[in-house]
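Notes for the one structure printed next.
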Amino acid sequence: MNKPDFRFIGKPVQRAEDERLVTGKGRFSDDFQFHGQTYAAMVRSPYPHARIRAIDIAVAKTMPGVLGVFTGIDCLADKLNPIPHDPLPKTKFDMKLHAPDGGPVFIGPHMLLPSDKARHVGEAVAMVVAETKTQALDAAEAVMVDYEELPFVIHSEDAMQPGAPKVWDEIPGNTPVETWFGDREATDKAFAAADHIVKIDFHIGRVTGVPLEPRAAVAQYHTATGRYTLHAGSGGAVRQKAELAIVLGIKPDDLRVLSYDVGGNFGTRNRVFVEFGLVLWAARKVGRPVKFTATRSEAFLSDYQGRDLVTKVELALRKDGRFLAMRATNISNIGARAVSFSPLSKGAGLIPGSYDIPAVTLCAKAVFTNTMPTPLR
């Protein structure tokens, strides 16, 4: 019996990477070791929303092996810029989003370390750099943060209520995006004439990527040339290079970003993380390579997350089953900062599916909450 070399469509592709990976020859971010390498540990907020009144680093700075302790005040002093996430989709096929008043969208500046507030549990508020990872972790525990706990909100529909705790004082409420699509008048008219109306609400729960290798990065600063090198697994070294150069205030040519084996992505590694910028900055401050590798617990708290969407759908039908109109509201819980609106924009374009529906109206909303940002689809 002849065995075909294909099953359904095309031919199977022989995997070329397996032997290298299963024999321990992978090149993941945490595998890179450099002469004089030091280690970074983060001090993270235990509160979903808290004002940072003061950070006492005196004890931590005197502990064995500690080379530096850095806070949001230091970021401001060195004129570091927020991460320019550029969250709004811009291709001609994307559904264009805007603020409730039709104006530009407020995204919430994403500093490497905040100087004013922590806006979600697990947000990094300080960084320790030490000779060993253990020394860095020990010193991070000695950093004392004086927090003023603030009211918080974690569900999108709660955040939209009048009087809900505000994640950002710069906008009137917690809804940076409210955009209507479709013909509302025609849709309402079709619903008024319908024989049957079906309504249903969905809540697609929040998820995270859980890559095989937790988030890791190691940075070098080359004093002789004034250039930086970053080894960090991601979904796109070009984006990382461009955005991190803006954060550091340097020319893109002065930064090289290398991404080898990623150890899993699932969308959670497509955008810049604060730790990538922090190790680059710290490498210049201490004059030695700096590595950060998240624990699994840190990754669960501070990896970018996804979904967390509330969808309210109504379908108007004629008595013979013919679809007459559809109304929908998509409410995206984007977390504490707008990292990407792609899921909301793409969802707006896909909501009618492939069905013949004469009139459709959709309201797309993005809502800030005191949770990790959700750029994943």
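Taking every residue in the range 345-358 that is crowded, with 18+ Cβ neighbours inside 10 Å and pairing it with any residue that is part of a loop (DSSP other than H, G, I, E, B), at least 6 positions away or on another chain, the pairs with Cβ-Cβ distances below 7 Å are SER345/PRO89; SER345/ASP94; SER345/MET95; SER345/LEU97; ALA348/MET95. For the range 267-317, a tally of residues being within 12 Å of the chain's Cα centre (by Cα) and assigned to a loop (DSSP other than H, G, I, E, B) returns 9. Applying the condition of being outside any helix (DSSP H, G or I) and touching an Asp or Glu at 6+ places or on another chain (Cβ under 9 Å) to the range 243-266 and asking which residue is surrounded by the fewest Cβ atoms within 10 Å (Cβ to Cβ) yields GLY249. Put simply, of ARG44, ARG15, ARG53 the only residue that is closer than 30 Å to TYR147 by Cβ and exposed (fewer than 10 other Cβ atoms within 10 Å of the Cβ) is ARG53. Which residues, counting only those in the range 304-324, are on the phi < 0 side of the Ramachandran plot and among the small types (Gly, Ala, Ser)? Within the range 304-324, GLY306, ALA316 meet the criteria.
Does the range 264-273 include one or more residues that are aliphatic (A, V, I, L, M) and touching a strand residue (DSSP E or B) at 6+ places or on another chain (Cβ under 9 Å)? Can you show your working first?
First pass over the range 264-273, keeping only residues aliphatic (A, V, I, L, M): 272.
When the remaining residues are screened for being touching a strand residue (DSSP E or B) at 6+ places or on another chain (Cβ under 9 Å), the result is none.
Among the residues of the range 264-273, not one is aliphatic (A, V, I, L, M) and touching a strand residue (DSSP E or B) at 6+ places or on another chain (Cβ under 9 Å), which makes the answer no.
Pairing each residue of the range 294-306 that is under 10 Å from GLY122 (Cα atoms) with any residue that is among the hydroxyl-bearing types (Ser, Thr, Tyr), provided the two are 6+ apart or on different chains, yields C-beta distances under 7 Å for PHE300/THR208; ASP303/THR208; ASP303/THR268. GLY236 fulfils the conditions (1) over 21 Å from ASN81 (Cα atoms); (2) modelled with pLDDT under 90 except for a single criterion, (1). The residue list THR229, THR179, THR175 contains one member that is among the hydroxyl-bearing types (Ser, Thr, Tyr), closer than 27 Å to VAL262 by Cα and within 23 Å of the chain's Cα centre (by Cα), which is THR229. Only residues that are within 14 Å of CYS75 (Cβ to Cβ) and either surrounded by fewer than 17 Cβ atoms within 10 Å (Cβ to Cβ) or among the aromatic types (Phe, Trp, Tyr) (or both) were counted in the range 90-132, giving 3. When the residues of the range 318-344 are filtered to those that are without any contact (Cβ under 8 Å) to a residue 40 or more places away in the chain and in a strand (DSSP E or B), the one that is nearest to GLY267 (Cα to Cα) is ASN330. Would you confirm, using the coordinates I've provided, whether GLY36 is part of a loop (DSSP other than H, G, I, E, B) and of a type in the set (Gly, Ala, Ser)? Judged against the criteria, GLY36 is a match. Does the range 23-41 contain any residue that is surrounded by fewer than 19 Cβ atoms within 10 Å (Cβ to Cβ), farther than 22 Å from ASP303 by Cα, within 28 Å of the chain's Cα centre (by Cα) and modelled with pLDDT of 95 or more? Yes, some residue in the range 23-41 is surrounded by fewer than 19 Cβ atoms within 10 Å (Cβ to Cβ), farther than 22 Å from ASP303 by Cα, within 28 Å of the chain's Cα centre (by Cα) and modelled with pLDDT of 95 or more.
Within the range 70-92, is even one residue in a loop (DSSP other than H, G, I, E, B), within 28 Å of LEU280 (Cβ to Cβ), at pLDDT 90 or above and aliphatic (A, V, I, L, M)? The answer is yes; a qualifying residue exists.
Report, by residue number, each residue of the range 171-212 that is of a type in the set (Asp, Glu) and either under 20 Å from MET372 (Cβ atoms) or in contact with a Leu (Cβ under 8 Å, 6 or more places away or on another chain) (or both). Walk me through how you get there before you give the answer.
Step one: of the range 171-212, the residues of a type in the set (Asp, Glu) are 178, 183, 185, 188, 195, 201.
Within the range 171-212, just ASP195 meets the criteria.
When we screen GLU298, GLU275, GLU314 for residues that are over 27 Å from LEU230 (Cα atoms) and of a type in the set (Asp, Glu), the only hit is GLU314.
Kindly indicate whether PHE181 is of a type in the set (Phe, Trp, Tyr) and more than 23 Å from TYR304 (Cα to Cα). Working first, answer last.
Working: of a type in the set (Phe, Trp, Tyr): yes; more than 23 Å from TYR304 (Cα to Cα): yes.
Criteria met by PHE181.
The values are calculated or read from the model by the stated rules, or taken from the named source; none is laboratory data. All figures in this text were calculated on a predicted structure; none of them were measured in a lab. With ideal geometry, Cβ positions are generated from the backbone for all residues, glycine too; neighbour counts draw on all protein chains shown.
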